[in-house]
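The values are calculated or read from the model by the stated rules, or taken from the named source; none is laboratory data. Source: prediction; values computed, not measured. Heads up, the Cβs are rebuilt from the backbone with ideal geometry, glycines too, and the neighbour counts pull from every protein chain shown. Heavy atoms of the whole protein, side chains included, go into the accessibility calculation; ligands, DNA and RNA do not. Shrake-Rupley method; radii C 1.70, N 1.55, O 1.52, S 1.80 Å.
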Amino acid sequence: MSPLFPLILLHITVAAAQLRPGHYLKTCPGAEFVVRDVMEKALIREPRSLASVMRFQFHDCFVNGCDASMLLDDTTTMLGEKLSLSNINSLRSYEVVDEAKEALEKVCPGVVSCADIIIMASRDAVALTGGPNWEVKLGRLDSLTASQEASDNIMPSPRANASLLIDLFGKFNLSVKDLVALSGSHSIGQGRCFSIMFRLYNQSGTGRPDPALEPKFREKLNKLCPLNVDQNVTGDLDATPFVFDNQYFKDLVAGRGFLNSDQTLFTFPQTRKFVKQFSINQSEFFEAFVEGMIKMGDLQLEQPGEIRRNCRVANSRSVNTF
(Lines give C-alpha, C1' and ligand atoms only; values in the text may rest on other atoms or scores of the structure.)
Protein backbone atom coordinates (compact mmCIF):
# COMPACT_ATOMS: atom_id res chain seq x y z
CA MET A 1 0.00 0.00 0.00
CA SER A 2 1.41 3.35 -1.04
CA PRO A 3 1.88 6.28 1.37
CA LEU A 4 0.06 8.36 -1.24
CA PHE A 5 -3.26 6.62 -0.63
CA PRO A 6 -4.75 9.32 1.68
CA LEU A 7 -4.76 11.73 -1.26
CA ILE A 8 -7.05 9.41 -3.18
CA LEU A 9 -9.41 8.89 -0.25
CA LEU A 10 -10.11 12.59 0.11
CA HIS A 11 -12.59 12.35 -2.75
CA ILE A 12 -14.57 9.41 -1.38
CA THR A 13 -17.68 10.37 0.53
CA VAL A 14 -20.51 8.65 2.32
CA ALA A 15 -23.46 8.93 -0.07
CA ALA A 16 -26.12 7.19 1.99
CA ALA A 17 -28.75 9.80 1.06
CA GLN A 18 -28.68 8.58 -2.58
CA LEU A 19 -29.20 4.95 -1.60
CA ARG A 20 -32.31 3.35 -0.16
CA PRO A 21 -33.81 -0.05 0.58
CA GLY A 22 -36.30 -1.20 -2.03
CA HIS A 23 -34.72 0.86 -4.79
CA TYR A 24 -35.87 -1.63 -7.44
CA LEU A 25 -39.36 -2.31 -6.09
CA LYS A 26 -41.00 -0.61 -9.08
CA THR A 27 -38.40 -1.11 -11.81
CA CYS A 28 -37.32 -4.69 -11.01
CA PRO A 29 -39.34 -5.98 -8.04
CA GLY A 30 -37.78 -9.43 -8.04
CA ALA A 31 -34.16 -8.27 -8.21
CA GLU A 32 -33.12 -9.41 -4.73
CA PHE A 33 -34.84 -12.78 -5.19
CA VAL A 34 -33.00 -13.33 -8.47
CA VAL A 35 -29.62 -12.67 -6.86
CA ARG A 36 -30.46 -14.86 -3.86
CA ASP A 37 -31.43 -17.71 -6.19
CA VAL A 38 -28.09 -17.49 -8.01
CA MET A 39 -26.23 -17.49 -4.70
CA GLU A 40 -28.16 -20.53 -3.47
CA LYS A 41 -27.16 -22.43 -6.60
CA ALA A 42 -23.52 -21.32 -6.19
CA LEU A 43 -23.56 -22.63 -2.62
CA ILE A 44 -24.65 -26.06 -3.83
CA ARG A 45 -22.18 -26.10 -6.73
CA GLU A 46 -19.11 -24.81 -4.84
CA PRO A 47 -19.56 -23.71 -1.20
CA ARG A 48 -16.23 -21.83 -1.17
CA SER A 49 -17.51 -19.46 -3.86
CA LEU A 50 -19.75 -17.67 -1.37
CA ALA A 51 -16.78 -16.60 0.74
CA SER A 52 -15.10 -15.32 -2.42
CA VAL A 53 -18.12 -13.29 -3.50
CA MET A 54 -18.66 -11.87 0.00
CA ARG A 55 -15.21 -10.29 -0.09
CA PHE A 56 -16.02 -8.45 -3.32
CA GLN A 57 -17.73 -5.70 -1.34
CA PHE A 58 -14.55 -4.83 0.57
CA HIS A 59 -12.32 -4.99 -2.50
CA ASP A 60 -14.79 -2.90 -4.51
CA CYS A 61 -15.90 -0.25 -2.02
CA PHE A 62 -12.44 0.68 -0.72
CA VAL A 63 -11.22 1.50 -4.24
CA ASN A 64 -13.05 4.62 -5.45
CA GLY A 65 -16.29 3.65 -3.74
CA CYS A 66 -18.85 0.89 -4.39
CA ASP A 67 -19.02 1.05 -8.18
CA ALA A 68 -18.17 -2.46 -9.47
CA SER A 69 -14.88 -1.17 -10.89
CA MET A 70 -13.21 -4.37 -9.65
CA LEU A 71 -15.32 -6.43 -12.08
CA LEU A 72 -14.01 -4.72 -15.23
CA ASP A 73 -11.63 -6.72 -17.41
CA ASP A 74 -8.45 -5.08 -18.71
CA THR A 75 -8.63 -3.37 -22.09
CA THR A 76 -5.97 -2.08 -24.45
CA THR A 77 -6.27 1.33 -22.80
CA MET A 78 -7.04 0.39 -19.19
CA LEU A 79 -5.38 -1.74 -16.54
CA GLY A 80 -8.23 -2.89 -14.31
CA GLU A 81 -8.21 -4.08 -10.70
CA LYS A 82 -8.39 -7.84 -11.21
CA LEU A 83 -4.61 -8.11 -11.53
CA SER A 84 -3.81 -5.70 -8.69
CA LEU A 85 -1.55 -6.95 -5.90
CA SER A 86 -4.42 -7.69 -3.51
CA ASN A 87 -6.65 -9.34 -6.13
CA ILE A 88 -4.47 -11.41 -8.46
CA ASN A 89 -4.56 -15.12 -7.60
CA SER A 90 -6.77 -14.16 -4.66
CA LEU A 91 -10.20 -12.97 -5.77
CA ARG A 92 -12.22 -15.58 -7.61
CA SER A 93 -15.80 -16.60 -8.49
CA TYR A 94 -16.44 -13.60 -10.74
CA GLU A 95 -18.66 -15.95 -12.74
CA VAL A 96 -21.23 -15.93 -9.92
CA VAL A 97 -21.81 -12.21 -10.43
CA ASP A 98 -21.92 -12.82 -14.19
CA GLU A 99 -24.70 -15.35 -13.63
CA ALA A 100 -26.67 -12.95 -11.46
CA LYS A 101 -26.31 -10.17 -14.03
CA GLU A 102 -27.37 -12.45 -16.88
CA ALA A 103 -30.44 -13.57 -14.94
CA LEU A 104 -31.37 -9.97 -14.12
CA GLU A 105 -30.91 -8.81 -17.70
CA LYS A 106 -33.46 -11.41 -18.80
CA VAL A 107 -36.18 -10.03 -16.53
CA CYS A 108 -35.16 -6.35 -16.15
CA PRO A 109 -32.72 -5.36 -18.92
CA GLY A 110 -30.55 -2.34 -18.17
CA VAL A 111 -32.00 -1.73 -14.71
CA VAL A 112 -29.89 -3.34 -11.95
CA SER A 113 -26.30 -2.20 -11.56
CA CYS A 114 -23.38 -4.56 -11.07
CA ALA A 115 -22.39 -2.48 -8.04
CA ASP A 116 -25.72 -3.31 -6.40
CA ILE A 117 -25.34 -6.98 -7.34
CA ILE A 118 -22.10 -7.06 -5.32
CA ILE A 119 -23.89 -5.57 -2.32
CA MET A 120 -26.81 -8.00 -2.54
CA ALA A 121 -24.60 -11.03 -3.20
CA SER A 122 -22.28 -10.19 -0.30
CA ARG A 123 -25.26 -10.02 2.06
CA ASP A 124 -26.63 -13.29 0.67
CA ALA A 125 -23.27 -15.05 1.07
CA VAL A 126 -23.34 -14.27 4.78
CA ALA A 127 -27.00 -15.19 5.29
CA LEU A 128 -26.75 -18.48 3.38
CA THR A 129 -23.79 -19.70 5.43
CA GLY A 130 -25.43 -19.16 8.81
CA GLY A 131 -24.75 -15.48 9.40
CA PRO A 132 -27.14 -12.54 9.77
CA ASN A 133 -29.52 -11.29 7.11
CA TRP A 134 -30.16 -7.60 6.63
CA GLU A 135 -31.88 -5.03 4.43
CA VAL A 136 -29.47 -3.51 1.91
CA LYS A 137 -29.55 -0.01 0.48
CA LEU A 138 -29.46 0.07 -3.31
CA GLY A 139 -29.26 2.56 -6.17
CA ARG A 140 -25.57 2.60 -7.12
CA LEU A 141 -24.19 3.16 -10.60
CA ASP A 142 -21.37 1.24 -12.24
CA SER A 143 -18.09 2.98 -12.97
CA LEU A 144 -16.97 3.64 -16.54
CA THR A 145 -13.40 2.63 -15.78
CA ALA A 146 -11.13 0.94 -13.23
CA SER A 147 -7.63 1.50 -11.88
CA GLN A 148 -5.07 -1.13 -10.95
CA GLU A 149 -2.91 1.64 -9.51
CA ALA A 150 -5.71 2.83 -7.21
CA SER A 151 -6.22 -0.70 -5.91
CA ASP A 152 -2.49 -1.20 -5.34
CA ASN A 153 -2.28 2.11 -3.49
CA ILE A 154 -5.17 1.38 -1.12
CA MET A 155 -5.74 -2.30 -0.44
CA PRO A 156 -3.84 -3.70 2.56
CA SER A 157 -1.41 -6.62 2.48
CA PRO A 158 -1.91 -9.88 4.43
CA ARG A 159 1.18 -8.72 6.33
CA ALA A 160 -0.57 -5.55 7.54
CA ASN A 161 -0.62 -4.94 11.28
CA ALA A 162 -3.53 -3.59 13.31
CA SER A 163 -2.10 -0.07 13.53
CA LEU A 164 -1.98 0.24 9.74
CA LEU A 165 -5.46 -1.25 9.39
CA ILE A 166 -6.93 1.13 11.98
CA ASP A 167 -5.47 4.06 10.06
CA LEU A 168 -6.77 2.76 6.72
CA PHE A 169 -10.29 2.10 7.95
CA GLY A 170 -10.34 5.47 9.69
CA LYS A 171 -9.83 7.16 6.32
CA PHE A 172 -13.23 5.76 5.36
CA ASN A 173 -14.88 6.83 8.64
CA LEU A 174 -14.92 3.22 9.81
CA SER A 175 -14.17 2.72 13.51
CA VAL A 176 -11.87 0.26 15.25
CA LYS A 177 -14.96 -1.79 16.11
CA ASP A 178 -15.98 -1.75 12.42
CA LEU A 179 -12.50 -2.96 11.46
CA VAL A 180 -12.61 -5.92 13.84
CA ALA A 181 -16.19 -6.84 12.96
CA LEU A 182 -15.58 -6.66 9.21
CA SER A 183 -12.43 -8.74 9.59
CA GLY A 184 -14.88 -11.41 10.71
CA SER A 185 -15.62 -11.92 7.03
CA HIS A 186 -12.75 -14.39 7.36
CA SER A 187 -15.17 -16.57 9.29
CA ILE A 188 -15.66 -18.36 5.96
CA GLY A 189 -13.27 -19.18 3.16
CA GLN A 190 -9.63 -20.00 2.62
CA GLY A 191 -6.31 -18.23 2.19
CA ARG A 192 -3.17 -19.09 0.19
CA CYS A 193 0.15 -20.30 1.52
CA PHE A 194 1.64 -17.30 -0.30
CA SER A 195 0.01 -15.04 2.31
CA ILE A 196 1.57 -16.76 5.33
CA MET A 197 5.04 -17.97 4.27
CA PHE A 198 6.72 -15.03 5.98
CA ARG A 199 4.79 -15.78 9.21
CA LEU A 200 5.98 -19.36 9.21
CA TYR A 201 9.62 -18.86 8.27
CA ASN A 202 10.72 -15.23 8.47
CA GLN A 203 8.43 -13.03 10.56
CA SER A 204 9.65 -9.42 10.46
CA GLY A 205 12.93 -10.57 8.88
CA THR A 206 13.94 -12.58 11.96
CA GLY A 207 14.30 -15.92 10.18
CA ARG A 208 11.87 -17.29 12.76
CA PRO A 209 8.12 -17.96 12.85
CA ASP A 210 5.60 -15.52 14.26
CA PRO A 211 5.69 -16.02 18.06
CA ALA A 212 1.95 -15.30 18.21
CA LEU A 213 1.23 -18.61 16.44
CA GLU A 214 0.02 -21.35 18.77
CA PRO A 215 2.65 -24.15 18.45
CA LYS A 216 0.37 -26.98 17.31
CA PHE A 217 -1.36 -24.68 14.85
CA ARG A 218 2.05 -23.63 13.52
CA GLU A 219 2.96 -27.30 13.03
CA LYS A 220 -0.25 -27.79 11.08
CA LEU A 221 0.54 -24.79 8.85
CA ASN A 222 4.13 -26.00 8.36
CA LYS A 223 2.76 -29.26 6.96
CA LEU A 224 0.29 -27.41 4.75
CA CYS A 225 2.84 -24.86 3.57
CA PRO A 226 6.42 -26.24 3.59
CA LEU A 227 9.14 -24.07 2.08
CA ASN A 228 8.89 -25.85 -1.29
CA VAL A 229 5.08 -25.69 -1.48
CA ASP A 230 3.05 -24.42 -4.44
CA GLN A 231 2.11 -21.15 -2.79
CA ASN A 232 -1.37 -21.25 -4.30
CA VAL A 233 -2.24 -24.15 -1.97
CA THR A 234 -5.01 -22.98 0.36
CA GLY A 235 -5.82 -23.41 4.03
CA ASP A 236 -8.96 -22.66 6.06
CA LEU A 237 -9.22 -19.16 7.50
CA ASP A 238 -10.82 -20.53 10.64
CA ALA A 239 -11.92 -23.87 12.09
CA THR A 240 -15.42 -23.64 10.53
CA PRO A 241 -14.64 -22.35 7.01
CA PHE A 242 -18.11 -22.99 5.57
CA VAL A 243 -20.12 -21.56 8.47
CA PHE A 244 -20.39 -17.84 9.20
CA ASP A 245 -20.01 -17.68 12.98
CA ASN A 246 -17.73 -16.26 15.66
CA GLN A 247 -15.24 -19.17 15.54
CA TYR A 248 -12.81 -16.83 13.75
CA PHE A 249 -12.51 -14.72 16.89
CA LYS A 250 -12.18 -17.77 19.15
CA ASP A 251 -9.30 -18.88 16.94
CA LEU A 252 -7.58 -15.49 17.26
CA VAL A 253 -7.80 -15.67 21.05
CA ALA A 254 -6.19 -19.12 20.87
CA GLY A 255 -3.36 -17.93 18.58
CA ARG A 256 -4.77 -19.73 15.55
CA GLY A 257 -5.31 -16.86 13.15
CA PHE A 258 -4.33 -17.79 9.60
CA LEU A 259 -3.23 -14.37 8.34
CA ASN A 260 -0.95 -11.92 10.09
CA SER A 261 -3.58 -9.23 9.50
CA ASP A 262 -6.01 -11.43 11.45
CA GLN A 263 -3.84 -12.42 14.42
CA THR A 264 -2.61 -8.86 14.86
CA LEU A 265 -6.14 -7.91 15.88
CA PHE A 266 -5.66 -9.90 19.09
CA THR A 267 -2.07 -8.89 19.80
CA PHE A 268 -2.82 -5.16 19.42
CA PRO A 269 -4.42 -3.50 22.51
CA GLN A 270 -6.91 -1.27 20.65
CA THR A 271 -8.45 -4.16 18.75
CA ARG A 272 -8.02 -6.98 21.30
CA LYS A 273 -11.04 -5.99 23.39
CA PHE A 274 -13.37 -6.34 20.40
CA VAL A 275 -11.86 -9.70 19.44
CA LYS A 276 -12.52 -10.96 22.98
CA GLN A 277 -16.01 -9.47 22.96
CA PHE A 278 -16.99 -11.11 19.67
CA SER A 279 -15.40 -14.43 20.64
CA ILE A 280 -17.77 -14.60 23.60
CA ASN A 281 -20.91 -13.06 22.10
CA GLN A 282 -21.80 -14.11 18.54
CA SER A 283 -24.95 -11.96 18.44
CA GLU A 284 -22.88 -8.88 19.22
CA PHE A 285 -20.49 -9.80 16.41
CA PHE A 286 -23.37 -10.25 13.95
CA GLU A 287 -24.85 -6.88 14.89
CA ALA A 288 -21.52 -5.09 14.51
CA PHE A 289 -20.78 -6.88 11.23
CA VAL A 290 -24.07 -5.77 9.69
CA GLU A 291 -23.48 -2.20 10.82
CA GLY A 292 -20.00 -2.23 9.29
CA MET A 293 -21.21 -3.70 5.99
CA ILE A 294 -23.91 -1.06 5.67
CA LYS A 295 -21.43 1.74 6.41
CA MET A 296 -18.94 0.32 3.92
CA GLY A 297 -21.69 0.02 1.31
CA ASP A 298 -22.36 3.75 1.62
CA LEU A 299 -18.90 4.68 0.29
CA GLN A 300 -19.24 6.47 -3.04
CA LEU A 301 -17.09 8.58 -5.34
CA GLU A 302 -18.68 11.47 -7.23
CA GLN A 303 -18.09 10.37 -10.82
CA PRO A 304 -20.07 9.53 -13.99
CA GLY A 305 -21.72 6.13 -13.91
CA GLU A 306 -23.98 3.78 -15.83
CA ILE A 307 -25.88 0.52 -15.59
CA ARG A 308 -23.62 -1.96 -17.34
CA ARG A 309 -25.15 -4.64 -19.54
CA ASN A 310 -22.16 -6.87 -18.85
CA CYS A 311 -20.34 -6.49 -15.54
CA ARG A 312 -16.96 -7.16 -17.16
CA VAL A 313 -17.07 -4.30 -19.69
CA ALA A 314 -18.31 -0.73 -19.79
CA ASN A 315 -21.17 -0.11 -22.19
CA SER A 316 -20.03 0.73 -25.70
CA ARG A 317 -22.39 3.69 -25.85
CA SER A 318 -24.02 5.92 -23.26
CA VAL A 319 -26.83 3.84 -21.82
CA ASN A 320 -28.32 5.07 -18.56
CA THR A 321 -25.23 7.19 -17.96
CA PHE A 322 -25.54 10.06 -15.48
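Below, the figures for the structure above:
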{"read-out": "In nm, spacing of pseudo-spin labels at Gln18 and Leu83 (7 Å Cα→C-beta vector)", "value": "3.0 nm"}
{"read-out": "Contour minus Cα-Cα distance for Glu149 and Ser316 (0.36 nm per residue)", "value": "57.8 nm"}
{"read-out": "Selection from Gly110, Met197, Leu301, by position along the positive dipole direction of the chain (Cβ)", "value": "Met197"}
{"read-out": "Part-to-part distance (alpha-carbon centres) for segment 277-307 and segment 55-83, which is given in Å", "value": "19 Å"}
{"read-out": "Extreme residue, positive dipole direction of the chain, given options His23, Ile188, Gly65 (C-beta unit charges)", "value": "Ile188"}
{"read-out": "Charge dipole (segment 112-182, unit charges on Cβ, about Cα centre) - positive-most of Ala127, Leu179, Ser147", "value": "Leu179"}
{"read-out": "Spatially proximal lysines relative to Lys137 (Cα-Cα < 24 Å; intrachain offsets below 8 disregarded)", "value": "Lys26, Lys41, Lys101, Lys106, Lys171, Lys177, Lys295"}
{"read-out": "Ellipticity estimate at 222 nm from DSSP helix runs (n ≥ 4, -39,500 (n - 2.57)) divided over the chain, nearest 500", "value": "-13000 deg cm²/dmol"}
{"read-out": "Approximate spin-label separation Gln270-Ala254, in nm, with each point projected 7 Å along Cα-to-Cβ", "value": "2.9 nm"}
{"read-out": "Fully extended contour minus Cα-Cα distance, from Glu102 to Glu302, at 0.36 nm per residue", "value": "69.3 nm"}
{"read-out": "Once exposed loop GluC sites (Glu not before Pro) are cut out (DSSP; at most 15 other Cβ, 10 Å), longest piece of the chain", "value": "136-301"}
{"read-out": "Fully extended contour minus Cα-Cα distance, from Ala239 to Phe217, at 0.36 nm per residue", "value": "6.8 nm"}
{"read-out": "Rounded percent of accessible protein surface that carbon and sulfur make up, segment 162-298, 1.4 Å probe", "value": "52 percent"}
{"read-out": "Cβ-based net charge around Gly139, under 14 Å, with every Lys or Arg adding one and every Asp or Glu removing one", "value": "-3"}
{"read-out": "Dipole magnitude of the chain about its Cα centre (Cβ charges: Lys, Arg +1; Asp, Glu -1), debye to nearest 20", "value": "580 debye"}
{"read-out": "Segment 162-298: proportion of alpha-carbon pairs further apart than 17 angstrom, %", "value": "59 percent"}
{"read-out": "Choice from Asp142, Asp230, Asp298 with maximal GNM fluctuation in the chain (Cα, 10 Å cutoff)", "value": "Asp230"}
{"read-out": "Relative counts (whole %) of C-alpha pair distances in the chain, using bins that are 20 Å wide", "value": "33, 59, 8, 0"}
{"read-out": "Net dipole in debye of segment 162-298 [+1 Lys, Arg Cβ; -1 Asp, Glu Cβ; about Cα centre; nearest 20]", "value": "460 debye"}
{"read-out": "Simple spin-label estimate for Lys41 and Leu224 in nanometres, 7 Å along Cα-Cβ", "value": "3.1 nm"}
